[in-house]
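Participant: Pasting a structure below so you can have a look.
The values are calculated or read from the model by the stated rules, or taken from the named source; none is laboratory data. None of these values were measured; they are calculated from a predicted model. Quick reminder, even Gly has a Cβ in these numbers, built from the backbone with ideal geometry, and neighbours come from all protein chains shown.
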Amino acid sequence: MSMRTRMPSGRVRFVCHAALSAVMMAAASARAGDVFERGASGAGGQVAGALTGGWRLSLEPSIWAPGLGGDLGFGAGDFQVERLRVDDARASALLRVQARRGDLVLDASGFVFSFDDATRTDAVQSAGGLAFAAGDPARVRFDLVSAELTVGARVWGVSLPGPGAGRVVKIGVDAFGGLRAYSLDALVGSPGGGTRSGDGLWVEPIVGARLNVDLLNSAGFFLTLDAGAMPIGDHTSTSFDIVTGIQWRPLRLVGVQFGWRQLLVDLQDGDGAGRFEYDGALAGLFGSVVIRF
C-alpha cells in the first residue's frame, strides 16, 4: 500500500491555525505576566502579583499516534475503515496549554489528524452509489482537526505522607466543562467509479473530570474522562474521550508524559441521500514534554 501526503483543505487549515494561534497567544500572555511577577520585588512585587493574579502556566506539546477505526458513511451506506485498510497508527501533532490559579483551571488544547492514501480494499463495500470489490484500488482522504477550551476547578484533594522523610503523595480531582470543536473533511474514491466526499464543522459542550496523583514529588499518573453532545436536527455530534498515563519530572519545571488516548466520536450532517457521517474512534499512544512556567 502506498501513501501520498496532502495538505489539509483551506477550511481545515483555517480552523487549525486559529486554534493554535489562540493557544499560543494565551501562552505568551501568561508567560509575560509570570516573568513580570517574578522580576518585581517589595511593593512592586505586590502590584505585579495583583496584576497577574498568581497564574501558573504549563505547556504540553505532544506526539499522538492513533489508529483510525469505525465507519465512514455517505447516503444510505457505510464504508468500514478497517476494510479500506487505512487503520494504521499515524503520528499526529497535539498541543495543550493549561493555566492554574488556586483551584481554578483554564485549559486549551487541539490536534490535527490527516492523511491521503492510495489503498486496496479487502472486502466488498458500497456507500452513496460507490461500490468496491475485494482488492479494488481506492483513494481515502481524512482530515480531522479538533480544538477545545475548558474551565475547571479542584473539587477534591488530599495530601498523604509518602515513604521516606519529606515525601508526600498528593491526590486531586478537577471537574471541568467547556466546548470542543471538530472540523472534518473526508473523501473515498475509485479510479473508475468516481468519488464520494463530505465535510462539516461541529461544536459541542463537554463535561468531564481529571484525577491527578503525584508520587514521590517527581512522578505520578493521571486519568481524564469527558463526554460531549450536540443533538441538533440532522447535524449532530457525540463524543467520549479517555486519556490516561504516567508522568515524570526530572527537573522542577520540566517533565515528560507517556500514555494512551482514545477518542470516540459520532459526527453526522444531513440525512437520506445527503447523509455524511463518521462514527468511530481514534486510539493510540502519546508522548509529551511538559514545561511549567
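Participant: With the checklist (1) within 17 Å of residue 72 (Cβ to Cβ); (2) over 15 Å from the mean Cα position of the chain (by Cα); (3) not small (Gly, Ala, Ser) in hand, flag the one item residue 238 doesn't pass.
Facilitator: If we test residue 238 against (1) within 17 Å of residue 72 (Cβ to Cβ); (2) over 15 Å from the mean Cα position of the chain (by Cα); (3) not small (Gly, Ala, Ser), just (2) comes out false.
Participant: Which residues, taken from the stretch 86-99, are buried (at least 17 other Cβ atoms within 10 Å of the Cβ) and either touching a Phe, Trp or Tyr at 6+ places or on another chain (Cβ under 7 Å) or part of a loop (DSSP other than H, G, I, E, B) (or both)?
Facilitator: 86, 90, 92, 94, 99
Participant: Still on this structure, please answer the following. Can you go through 200, 193, 259 and tell me which one is out of contact with any Lys or Arg (no Cβ under 9 Å at 6 or more places or on another chain), closer than 27 Å to residue 114 by Cα and modelled with pLDDT under 95?
Facilitator: 193
Participant: Residues that are assigned to a strand (DSSP E or B), touching a strand residue (DSSP E or B) at 6+ places or on another chain (Cβ under 6 Å), at pLDDT 95 or above and over 22 Å from residue 61 (Cβ atoms): does the stretch 239-249 have at least one?
Facilitator: Yes, some residue in the stretch 239-249 is assigned to a strand (DSSP E or B), touching a strand residue (DSSP E or B) at 6+ places or on another chain (Cβ under 6 Å), at pLDDT 95 or above and over 22 Å from residue 61 (Cβ atoms).
Participant: Report yes if some residue within the stretch 72-83 is closer than 29 Å to residue 150 by Cβ and touching a strand residue (DSSP E or B) at 6+ places or on another chain (Cβ under 7 Å); otherwise report no.
Facilitator: Within the stretch 72-83, the first condition is being closer than 29 Å to residue 150 by Cβ, and the residues that meet it are 72, 81.
If we keep only those that are touching a strand residue (DSSP E or B) at 6+ places or on another chain (Cβ under 7 Å) too, we end up with 72, 81.
Yes, the stretch 72-83 has at least one match.
Participant: Let me ask something else. Can you give me the ranges of the strands (runs of 3 or more DSSP E) entirely in the stretch 122-170 with at least 3 residues that are in contact with a strand residue (DSSP E or B) (Cβ under 8 Å, 6 or more places away or on another chain) and loosely packed, with under 12 Cβ neighbours inside 10 Å?
Facilitator: Hits in the stretch 122-170: 137-161.
Participant: What is the residue count in the stretch 100-121 for residues that are assigned to a strand (DSSP E or B) and either modelled with pLDDT under 95 or of a type in the set (Lys, Arg) (or both)?
Facilitator: Looking only at that region, the number is 3.
Participant: Something else now. With the condition kept exactly as written, say whether any residue in the stretch 184-198 is among the hydrophobic types (A, V, I, L, M, F, W, C), in a strand (DSSP E or B) and under 16 Å from the mean Cα position of the chain (by Cα).
Facilitator: yes
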